[in-house]
1. Which value in nm describes the separation of the simple spin-label points at Leu88 and Arg76, placed 7 Å from the Cα toward the beta carbon?
2. Largest first, what is the accessible-area ranking of Val81, Val94 with a 1.4 Å probe?
3. Going 7 Å from the Cα of Lys45 along its beta-carbon direction, which residues of the stretch 70-103 have the amide nitrogen within less than 14 Å of the resulting point?
4. Skip the ligands, DNA and RNA, and give the accessible area per residue of the chain with a 1.4 Å probe, whole Å².
5. Let me know the shape class of the chain, please: from the alpha-carbon gyration tensor, a ≥ b ≥ c as square roots of the eigenvalues, rounded when a/c is under 1.5, otherwise prolate if a/b is greater than b/c, or oblate.
6. How tilted is helix 73-102 with respect to the longest principal axis of the chain? Cα atoms for both, answer in degrees (0 to 90, nearest 10).
7. Each residue of the stretch 49-55 in order: what ³J(HN,Hα) in whole Hz does its phi give by Karplus 6.51 cos²θ - 1.76 cosθ + 1.60, θ = phi - 60°, with x for Gly and Pro?
8. Under a 5 Å amide H to amide H cut-off, with H placed in plane at 1.01 Å, what residues pair with Glu17 once short-range neighbours are removed?
Amino acid sequence: MLRRFSSPTPFAGGLVEHECPRCGREVRLPLGALCGECRAQIERKARKLGRWASGISTLLLVVYVLIRLPPDPYARLVSAVGVVVWYLLSNLVVRRAARELLS
Ligand SMILES: [Zn+2]
């Protein structure tokens, strides 16, 4: 018969890593987690990539809107709001995807 495990935190020793899986630095981390410096480096790269991707795509959108823009002032306002929303959403999506892919 198997002996019953009586620890209040079962498998606690197995859920801790002693080095970062990305850089190999000696730190005490939960299983699968990255060290603070690796997370900061990934966040910086993701932010930079998000700025570039959303900036370029927004620039292309602005060129398209300026070419196709009707003379109506309400249409100009809606287009301007659309461009701002496009920049914000594309920046968020690219940063999130970059964070997932780089880690
Ligand atoms: Zn690391």
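The values are calculated or read from the model by the stated rules, or taken from the named source; none is laboratory data. All of these numbers come straight from a predicted model, not from anything done at the bench. Cβ: placed from backbone, ideal geometry, glycine included. Neighbour counts: every protein chain shown. Side chains included, ligands, DNA and RNA excluded: accessible areas come from the protein's heavy atoms. Shrake-Rupley method; radii C 1.70, N 1.55, O 1.52, S 1.80 Å.
1. 2.3
2. On the way: Val81 80, Val94 35 Å².
Ranking Val81, Val94 by accessible area, largest first, yields Val81, Val94.
3. In the stretch 70-103, the label zone of Lys45 (backbone N under 14 Å from the point 7 Å along Cα→Cβ) covers 95-103.
4. Working: 8320 Å² over 103 residues.
With the other protein chains kept in place, the chain gives 81 Å² per residue.
5. Numbers: a/c = 6.05, a/b = 3.03, b/c = 1.99.
Prolate, since a/c reaches 1.5 and a/b exceeds b/c.
6. The angle comes out at about 20 degrees.
7. Working through the residues one at a time gives 5, x, 4, 5, 5, 6, x Hz.
8. Long-range HN contacts for Glu17: Leu29, Leu31.
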